[in-house]
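Visitor: Let me give you the structure first, and then I'll get to my questions.
The values are calculated or read from the model by the stated rules, or taken from the named source; none is laboratory data. Being a predicted model, the structure only gives us computed values, none of them experimental. We place every Cβ from the backbone using ideal geometry, glycine too, and count neighbours over all the protein chains shown. Remember, those area values only see protein heavy atoms, side chains included, never the ligands or the DNA or RNA. Shrake-Rupley method; radii C 1.70, N 1.55, O 1.52, S 1.80 Å.
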Amino acid sequence: MTVVTDAFTARHGRAPAGVWSAPGRVNLIGEHTDYNDGFVLPFALPHRAVVAAAPADGPVSRVRSVQEPSGAVEFSAASVVPGDVDGWAAYVAGTCWAFREAGHPVGEVELELDSDVPVGAGLSSSAAVECAVGVALAGLAGVEIGATELARIARRAENEFVGAPTGGMDQMASVHGRAGRLVFLDTRDDTVELVPFDLAAHGLELLVIDTRAPHAHAGGEYGARRADCERAAAALGVPALRDAVLADVERLPDDRIRRRARHVVTENERVLEVVRLLAADADPREIGPLLDASHTSMRDDFEITVPHVDVAVEAARDGGAVGARMTGGGFGGCVIALVPAGAVTAVTTTVQQAYAERGWTAPLVFPGTPSDGAGRVG
Ligand code: GLA
């Protein structure tokens, strides 16, 4: 927060009107279900995008990012439309556009951005920026916007301005996240329930393992999976795979389409089972096999894992994790592992050794702690 406040003050000779932030996310379970009207169970990370903002003096908006040394990007927040801005600033300009499209007032703004959400790691660094800018715009305009509306604005920026055909999970997690809670989201109607997730009380930790795997072609593969899911729903005669029944899925004639649909249907069941276990105050170790099954399903049926991810999952289990799976869109990114507190070092070194043996860049390992969602911080 001080980084952007100081940078803003030094550059403009005045303090910002305020500072707002929004987090990245990890998904505990429920992958590629959010664009099938299904269930997801993410939580907000402590890692955040932070934005210092104030109304601009002139007729132009400017955004600078601590992570982008190339300097300021200029656009008009009051008139920008899709296609006008690309690169990293599109997440910012796109949120201004979507905010306006939602009928809210947007004046020209000066924005100073900083983020410690790892980029390209599947931790929703883009949703963090969109949601931070969204709450900043609401704060500057003095309008009250509900968290779900804010998430929809941020998602619209991602889908229609940036052009990434994602579901709504990341933005909903970024705005609804709460310390110590999972965000149980029904993407059919955006109903949210916060589920307590106190691993420490059970002597457990959730480790996030950033595989740092290069993930080329991920954009095209994501769209291809979406298209397969739509084909499956059409073949089954249901509005979305959320409504499909496993017995019907197993009768689909096309092998690939059948496996894609099977992942979505069984993944929805796993999310509901995890929520049921946690709500019944079960030992969280009991969700371990569901995390493992989710990974197998993503690897074999949905085919979105890569060797870096599969090796991290296997090594985490060998080191003592009670469950592990890839999290996020796939083709790289992060793995999560549910680990007894006493086995954190063993899991970390087992994964590191597995990578070193293959000559791969060392993974980054850090604790995933459910944290608060978007809001004003200064
Ligand atoms: C990405 C997308 C989300 C979701 C996940 C997969 O993170 O942004 O909407 O589809 O992939 O669960």
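Visitor: Pick from 57, 84: which is at pLDDT 95 or above and open to solvent by 60 Å² or more (accessible area, probe 1.4 Å)?
Guide: 84
Visitor: With 361, 349, 369 as the choices, which residue is at pLDDT 95 or above, assigned to a helix (DSSP H, G or I), open to solvent by 40 Å² or more (accessible area, probe 1.4 Å) and not acidic (Asp, Glu)?
Guide: Of the residues listed, the single one that is at pLDDT 95 or above, assigned to a helix (DSSP H, G or I), open to solvent by 40 Å² or more (accessible area, probe 1.4 Å) and not acidic (Asp, Glu) is 349.
Visitor: Here is a further query. Tally time: how many residues in the range 8-48 are away from the ligand (no atom under 16 Å from the Cβ) and within 18 Å of residue 180 (Cβ to Cβ)?
Guide: Summing the residues that are away from the ligand (no atom under 16 Å from the Cβ) and within 18 Å of residue 180 (Cβ to Cβ) in the range 8-48 gives 2.
Visitor: Give, as residue ranges, the helices (runs of 4 or more DSSP H) completely inside the range 187-286 that count at least 3 residues that are of a type outside the set (A, V, I, L, M) and within 17 Å of residue 33 (Cβ to Cβ).
Guide: Here the list reads 218-236, 255-279.
Visitor: Give the residue that is farthest from the ligand (Cβ to nearest atom), with candidates limited to residues of the range 89-133 that are in a helix (DSSP H, G or I) and either open to solvent by 10 Å² or more (accessible area, probe 1.4 Å) or assigned by TED's automatic domain parsing to the domain that holds residue 219 (or both).
Guide: 100
Visitor: Among (1) closer than 30 Å to residue 361 by Cβ; (2) open to solvent by 70 Å² or more (accessible area, probe 1.4 Å); (3) within 16 Å of the ligand (Cβ to nearest atom), there is one condition residue 225 misses while meeting the rest; what is its number?
Guide: (2)
Visitor: Given the options 292, 310, name the one that is in a helix (DSSP H, G or I), outside the structural domain of residue 41 (by TED's automatic domain parsing), away from the ligand (no atom under 12 Å from the Cβ) and within 22 Å of residue 25 (Cβ to Cβ).
Guide: Going through 292, 310 in turn, just one is in a helix (DSSP H, G or I), outside the structural domain of residue 41 (by TED's automatic domain parsing), away from the ligand (no atom under 12 Å from the Cβ) and within 22 Å of residue 25 (Cβ to Cβ): 292.
Visitor: Follow-up question, since we're still on this one. Residue 13 versus (1) free of Cβ contacts under 8 Å to residues at least 12 places away in the same chain; (2) small (Gly, Ala, Ser); (3) closer than 27 Å to residue 195 by Cβ: which is the lone unmet condition?
Guide: With respect to (1) free of Cβ contacts under 8 Å to residues at least 12 places away in the same chain; (2) small (Gly, Ala, Ser); (3) closer than 27 Å to residue 195 by Cβ, residue 13 is out only on (3).
Visitor: Follow-up question, since we're still on this one. Taking residue 234, is it open to solvent by less than 50 Å² (accessible area, probe 1.4 Å) and of a type in the set (Gly, Ala, Ser)?
Guide: Considered against the rule, which asks whether it is open to solvent by less than 50 Å² (accessible area, probe 1.4 Å) and of a type in the set (Gly, Ala, Ser), residue 234 comes out as no.
Visitor: Got at least one residue in the range 271-284 being free of Cβ contacts under 8 Å to residues at least 24 places away in the same chain, over 20 Å from residue 185 (Cβ atoms), in contact with a Lys or Arg (Cβ under 6 Å, 6 or more places away or on another chain) and surrounded by fewer than 21 Cβ atoms within 10 Å (Cβ to Cβ)?
Guide: Checking the range 271-284: not a single residue is free of Cβ contacts under 8 Å to residues at least 24 places away in the same chain, over 20 Å from residue 185 (Cβ atoms), in contact with a Lys or Arg (Cβ under 6 Å, 6 or more places away or on another chain) and surrounded by fewer than 21 Cβ atoms within 10 Å (Cβ to Cβ).
Visitor: Okay, moving on. What do you reckon, is residue 162 open to solvent by less than 40 Å² (accessible area, probe 1.4 Å), closer than 27 Å to residue 376 by Cβ and either more than 11 Å from the ligand (Cβ to nearest atom) or not small (Gly, Ala, Ser) (or both)?
Guide: The answer is no for residue 162.
Visitor: Could you tell me which residue of the range 198-215 is farthest from the chain's Cα centre (by Cα), considering only residues that are surrounded by fewer than 18 Cβ atoms within 10 Å (Cβ to Cβ) and among the hydrophobic types (A, V, I, L, M, F, W, C)?
Guide: My answer is 201.
Visitor: Within the range 313-339, take every residue that is in a loop (DSSP other than H, G, I, E, B) and aliphatic (A, V, I, L, M) and give me the one that is farthest from residue 286 (Cα to Cα).
Guide: 321
Visitor: Can you tell me which residues in the range 78-133 are in contact (Cβ under 8 Å) with a residue 24 or more places away in the chain and acidic (Asp, Glu)?
Guide: 101, 108, 110, 112, 114, 116, 130
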